[in-house]
Structure formats: C-alpha cells, structure tokens
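Okay, so here's the structure we're looking at.
Here, each number is a calculation from the coordinates, and none is a lab measurement. Fair warning: this is a prediction, and the values are worked out from it, not measured in the lab. Cβ placement follows ideal geometry from the backbone for every residue including glycine, while neighbour counts extend to all protein chains displayed.
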Amino acid sequence: MERKMAPSLMCIDLMNIEHDLRILEKAKVDYLHVDIMDNHFVPNITLSFDFINELRKVTSIPLDIHLMINNPENSFHYLTNCSPEDIICIHYEATPHVHRALGMIKDIGAKVGIALNPGTPIGVIEDLLPDLDMVLIMTVDPGFAGQKLIPSTLDKIARLRNMLDESGYQHILIEVDGNVSFENAKLMHEKGANIYVGGSSSIFHKESSIIENCHKFREIIYS
Ligand code: DX5
Ligand code: ZN
C-alpha cells in the first residue's frame with residue numbers, strides 16, 4: 001500500500017523557507033502540503049494562492065493543496081500552473097456544488113481530493129467516489145496547527161478504508177491531517193492511512209532537526 005509524507009508548510013519557518021525547502025528536497029518528501037484558508041470556512045488565514053504560484057517556481061516537489069475556503073470553485077483560476085502530480089483538495093462542507101467543483105479540478109489536470117471535517121460522516125462521499133483520487137480525513141478541526149487528535153477520527157480512517165476497498169475503489173488514497181505526531185502516525189498507519197501531513201507535532205517538531213524528523217517519520221509510515 002502506498003505511503004507518502006507531506007510536510008505542512010504552514011509550520012515551516014517562513015523567514016528561512018528556501019533553506020528549509022532544500023532540506024525537504026534532500027529528505028525526498030513526497031508532497032508539500034499547502035493550507036489555504038479564508039477566515040470564513042475556518043477562523044484563520046495562512047498561505048495564499050500567490051504563495052503557491054511562487055513555490056512552483058522554486059521547487060518541483062508535487063503540491064498537496066488543501067483549500068479550507070468557502071465556494072472553492074470560484075477561486076481555482078488563481079492556480080495558474082498546476083502539474084498532473086499535484087493534488088487539489090476541497091472540503092465537502094464548503095460548497096453545495098461539490099460535484100461541479102470536483103469536475104473543475106479534473107479539468108485543471110490535477111489529482112482530485114475531498115476533505116471531511118471530524119463531524120462529517122464518510123457516507124456523504126459515496127456518490128462522489130468515481131470522481132476522486134484522494135480523501136482527506138481531518139483528525140482535528142481544521143484551521144490551526146498544534147491541536148490535539150480527535151480520537152474518534154482513527155476509527156473513521158479504518159471505516160473509510162473498508163468502504164473504499166469493498167466498493168472497488170482501492171486506488172483512492174486516504175490522507176490524514178492534524179496532530180500527525182510520530183505516535184499518532186503509528187496508529188493512523190494501522191488504520192490504513194496513505195498520505196501523512198507532518199506539521200508542528202512531527203516534521204517541524206522543534207526538539208530535532210527537520211532532516212532527523214523526516215527520517216523518523218519515514219521509518220514509521222513506511223514500516
Ligand atoms: C491544517 C494543517 C494543520 C497543521 C498540522 O490543515 O495542515 O493540521 O499543519 O500540524 P500539527 O502537527 O501542528 O497538527
Ligand atoms: Zn491541511
């Protein structure tokens with residue numbers, strides 16, 4: 001089963017970003033996870049579409065773009081140079097026109113992801129499965145780094161893996177985001193998660209260097 005590591009750039013040192021990006025390249029991370037917020041869908045603002053377009057100019061690591069914004073279908077045009085390896089992920093809760101929005105991502109030529117808040121049941125995506133490459137299970141309420149894992153989301157990962165496998169969608173990857181610490185990554189691994197967003201509790205944990213954290217993280221998720 002595929003396992004991938006996606007450092008969350010909202011936790012990188014923005015004043016030293018180019019230096020730290022080169023370290024992430026050396027560590028051969030699979031994706032760069034970029035959180036876009038609008039201060040409406042979630043009560044915060046982090047990185048921006050301009051940031052993504054600039055990032056694309058300085059690194060070729062595929063981007064995992066997590067849109068925590070209302071009506072994302074109105075903003076896709078800001079993403080000017082996505083590659084087929086990039087993932088664009090919208091929230092199920094963010095638009096009444098989810099199906100149309102997912103189709104627009106496909107038209108852009110990126111991989112298609114949908115995110116579910118901790119309070120959203122997995123059953124709501126049943127009719128969307130043919131359109132998806134990835135499902136992101138939020139393991140905290142989205143908006144802020146440094147929160148604590150919501151324990152019920154662990155079982156949700158296992159139930160989703162089961163639902164995907166039993167309905168013939170084994171190829172759809174499950175991503176986990178929020179307090180994916182080294183310890184929690186182990187538990188999420190047991191439940192069948194594929195893409196691990198590493199933030200302040202793992203890859204950017206201050207106790208060790210980024211490169212050491214990446215090695216430790218990789219050992220856990222690739223085990
Ligand atoms: C929100 C973010 C956060 C964060 C993860 O979508 O992706 O979940 O960066 O980092 P920690 O480890 O602080 O939860
Ligand atoms: Zn995120």
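Past 18 Å, Cα to Cα, is the threshold; run 28/216; 148/186; 26/216; 4/26; 28/206 against it and keep the listed order.
Values: 28/216 13 Å; 148/186 15 Å; 26/216 14 Å; 4/26 15 Å; 28/206 20 Å.
From the list (28/216; 148/186; 26/216; 4/26; 28/206), the Cα-Cα distance tops 18 Å for 28/206.
If you average 1/r over every pair of different alpha-carbon atoms in the stretch 36-75 and take one over that average, what Kirkwood value in Å do you get?
11.0
With N denoting the number of residues in the chain, provide Rg(C-alpha) divided by 2.2 N^0.38 Å, to two decimal places. Before the final figure, lay out each step's value.
Values: Rg = 16.0 Å, N = 223, 2.2 N^0.38 = 17.2 Å.
Normalised by 2.2 N^0.38 Å, the Cα Rg of the chain equals 0.93.
So how much slack lies between residue 144 and residue 53, counting 0.36 nm per residue of separation and subtracting their Cα-Cα distance, in nm? Mind dumping the intermediate values first?
On the way: separation 91, 0.36 × 91 = 32.76 nm, distance 2.27 nm.
Using 0.36 nm per residue and subtracting the Cα-Cα distance, I get 30.5 nm.
State which stretch of the chain is the longest one without any exposed GluC sites (Glu not before Pro), exposure meaning a DSSP loop state and at most 15 other Cβ atoms within 10 Å.
Values: sites that count: 2, 85, 207.
Answer from the scan: 86-206.
Counting alpha carbon pairs within less than 8 Å and at least 6 residues apart, what relative contact order, in whole percent, applies to the chain?
Values: 424 pairs, mean separation 45.0, N = 223.
Over the chain, the number comes to 20 percent.
Using 0.36 nm per residue of separation minus the Cα-Cα distance, give me the extension gain between residue 126 and residue 39 in nm, one decimal.
Numbers: separation 87, 0.36 × 87 = 31.32 nm, distance 2.89 nm.
Computed gain between residue 126 and residue 39 is 28.4 nm.
In nm, what is the difference between 0.36 nm times the number of residues separating residue 190 and residue 22 and their Cα-Cα distance?
Numbers: separation 168, 0.36 × 168 = 60.48 nm, distance 3.07 nm.
Going from the current span to full extension adds 57.4 nm.
Give, in whole angstrom and from largest to smallest, the semi-axes √(5λ) of the equivalent ellipsoid of the stretch 137-187, with λ running over the eigenvalues of the Cα gyration tensor. Before the final figure, lay out the partial values.
Values: eigenvalues 102, 22, 17 Å².
Over the Cα atoms of the stretch 137-187, the semi-axes work out to 23, 10, 9 Å.
Hey, if you put +1 on the Cβ of every Lys and Arg and -1 on every Asp and Glu Cβ in the chain, which of 205, 223, 17 ends up farthest toward the positive end of that dipole?
223
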